[in-house]
Amino acid sequence: MSLESRLVSGLRRSKKEKEPDRPDYSEPDFSGWAQKLDNFIPASKAAAANAAEETADAAPAVAVAEVVEAAPVAKPADDRPSLDAVLAKLLSFDGAMCVAVVDSETGMILGNAGSGVDIDLAAAGASVILRARLASAKALGGEEHIEDVLISLTSQVQIIHPLPKNPSIFTYLIGDKAKSSLAMARFKAAEADLLIQL
């Protein structure tokens, strides 16, 4: 055999030997990718998916009813009157000067209406009076609670009326003593229990 023929046959053999190393692109192998994807799925989700598959295989074909989400429940509109509207209604009697809703623990006014008095200073003083009366009522014991504290001055009548649901908050109503009726002033102060919702 000539040298030429040996080289040609050697090249053919080396080509044949290298062919098996070349990948076959005609049919891809996805088994490696499937294993990699399984590694990314958490065990709990995989168990749930397997259970769902088993249930689907075991259950006969049944028409699935369409799941309809419940409509969100509409929240009722806040139909409470504003504090300003309530305070204006409390001032609707003859001789009314001003009214305030006050926190007795701090002496701060939550809302006020009317004029004729330095209501900030008066409310701070009224909160001290109410705190003292609540402390003395607690010290005396018993089941009594304060409905009103009436302060009668030369030209004014002042009513401190704690709210029954929260006694530390009170309605403070001031009226002109010559023009207003004490009974009407007490009635308006008590009306605040129904109107003010804190």
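The values are calculated or read from the model by the stated rules, or taken from the named source; none is laboratory data. In this text the structure is predicted, and so the values were computed from the model without any measurement. Cβ sites come from the backbone with ideal geometry, for glycine too, and all protein chains shown count toward neighbours.
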Legend entry - Answer residue from region 177-198, given it is surrounded by fewer than 17 Cβ atoms within 10 Å (Cβ to Cβ) and at pLDDT below 80 and is nearest to Ile146 (Cα to Cα) among those: Asp193
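Working only within region 114-146, note down all residues that are among the polar types (S, T, N, Q) and outside any helix (DSSP H, G or I).
Ser115
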Legend entry - Residue in region 89-107 that is assigned to a helix (DSSP H, G or I), in contact with a helix residue (DSSP H, G or I) (Cβ under 8 Å, 6 or more places away or on another chain) and buried (at least 17 other Cβ atoms within 10 Å of the Cβ) present: yes
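Residues to consider are Gly111, Gly116, Gly142; find the one that is over 13 Å from Leu90 (Cα atoms), small (Gly, Ala, Ser), surrounded by fewer than 15 Cβ atoms within 10 Å (Cβ to Cβ) and in contact with a strand residue (DSSP E or B) (Cβ under 6 Å, 6 or more places away or on another chain). Walk me through it before giving the result.
On the way: Gly111 fails: over 13 Å from Leu90 (Cα atoms); Gly142 fails: in contact with a strand residue (DSSP E or B) (Cβ under 6 Å, 6 or more places away or on another chain).
On inspection, the qualifying residue turns out to be Gly116.
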Inset, instruction - For region 162-176, state whether one or more residues are under 22 Å from Ala85 (Cβ atoms), touching a strand residue (DSSP E or B) at 6+ places or on another chain (Cβ under 7 Å), buried (at least 16 other Cβ atoms within 10 Å of the Cβ) and free of Cβ contacts under 8 Å to residues at least 60 places away in the same chain. - result: yes
Inset, instruction - Tell me which residues, restricted to region 147-198, are of a type in the set (D, E, K, R) and assigned to a strand (DSSP E or B). - result: Asp176
